Amino acid sequence: MARTSILCLGEPLFELNQAADGSFRPGFGGDVSNVAVAIARQGGKVGLISQVGDDRFGDALRRMWADEGIDTTHVNVLEGGDTGIYFVTHDEDGHHFTYRRKGSAASQLGAGAISAQTIASARILYTSGISLGVSETLRAATTAAVNLARSAGLPVAFDPNLRTRLWPLETARKVSHDLMRNCDIALPGLDDARQLTGLSDPQAIVAFYHDLGARIVALTLGAKGVLVSDSRQSAHIPPFRVNAVDATGAGDCFNGIFLTHLLRTDDPFVAARIANTGAALSTTGYGAVAPIPTYSEVMNVKET
Ligand SMILES: O=C(O)C(=O)C[C@H](O)[C@H](O)CO
């Protein structure tokens, strides 16, 4: 297999997403797995560091990753373990997640599973606030991986992805700011960043993350596009207009496409433009994974 460029560390989930007719459609989620799929569909080389249970949901996830061409060398199958699941429901306020993931196989992945050699073999390590919030064990694994990446001179990309069902805001704030101090590429969403930083102005939030140490910040603004900065210059990329039905995983899709094209072009502004379009396209179908676009779908689309 070709060398993995981006390693994504965290918890995959089996998804049940409620469609307009009320039925629940099976699919896949878990933020870092969504990012991995977005990278793979852009033609990037990507691997996961994770753990699933030896159950039907874990099997389905592993089949999906194989179909997408994602390297699962570092995905362990925990005998007797359960793979986490989540439900997505929709109302006028948007989408809502209900989790069944406590004690999941991924939550039991510890620092001992992370090797310096694995981390040093990649070009970027990607992880998130969900990976930090799921359990203390997975947090220790995430922190160990980030420290190894730093020692190996590997850039760390981090989305603080706040989930207050997993941990209190105060803890999330402290832990994710600490991680951000070791991060090169910050990929926050505006709502999460407002809660975590206490700031409301997008420019001030970007400056805050630069001050913590990130070289590149891409702040996704939901329906308002993206603000991207390399600390010397910043650009607002306006939204790509689509008929959105489900924004589940749109931020993850942005992150995966952004990192793929950042590696390809070394230009965060070009990468953010492509990712902005791809993330908008991903909201036109239900589920975190099924509507993630391919490279040619992103490149050939015309705004309506
Ligand atoms: O919320 C989580 O922990 C998930 O991983 C579920 C979704 O797939 C993810 O949040 C979308 O960003």
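The values are calculated or read from the model by the stated rules, or taken from the named source; none is laboratory data. All values reported here derive from a predicted model rather than from experimental measurement. Counting neighbours? That spans all protein chains shown, and the Cβs are built from the backbone with ideal geometry, glycine included. Calculation scope for accessible area: heavy atoms of the full protein, side chains included, ligands and nucleic acids excluded. Shrake-Rupley method; radii C 1.70, N 1.55, O 1.52, S 1.80 Å.
Assess whether ILE124 counts as being farther than 18 Å from ASP54 by Cα and in contact with a helix residue (DSSP H, G or I) (Cβ under 9 Å, 6 or more places away or on another chain).
yes
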Taking region 146-188 on its own, how many of its residues are outside any loop (DSSP other than H, G, I, E, B) and not aromatic (Phe, Trp, Tyr)? 24
Could you please find all residues in region 231-286 being among the β-branched types (Val, Ile, Thr), in contact with a strand residue (DSSP E or B) (Cβ under 9 Å, 6 or more places away or on another chain), farther than 20 Å from GLY129 by Cβ and not in a helix (DSSP H, G or I)? ILE237, VAL245
Can you find a residue in region 74-92 that is open to solvent by 10 Å² or more (accessible area, probe 1.4 Å), part of a strand (DSSP E or B) and under 30 Å from ASP266 (Cβ atoms)? yes
Just to be sure I understand, how many residues within region 95-111 are within 12 Å of the ligand (Cβ to nearest atom) and either in contact with a His (Cβ under 6 Å, 6 or more places away or on another chain) or outside any helix (DSSP H, G or I) (or both)? 8
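Of all residues in region 8-30 being open to solvent by 10 Å² or more (accessible area, probe 1.4 Å) and charged (D, E, K, R), which is nearest to the ligand (Cβ to nearest atom)?
My answer is ARG25.
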Checking VAL46 against (1) more than 13 Å from the ligand (Cβ to nearest atom); (2) surrounded by fewer than 23 Cβ atoms within 10 Å (Cβ to Cβ), the condition it does not meet: (2)
Could you list all residues from region 182-205 that are over 20 Å from LEU259 (Cβ atoms) and of a type outside the set (A, V, I, L, M, F, W, C)? ASP191, ARG194, GLN195, THR197, GLY198, SER200, ASP201, PRO202, GLN203
Quick one: is THR260 away from the ligand (no atom under 16 Å from the Cβ) and in contact (Cβ under 8 Å) with a residue 24 or more places away in the chain? yes
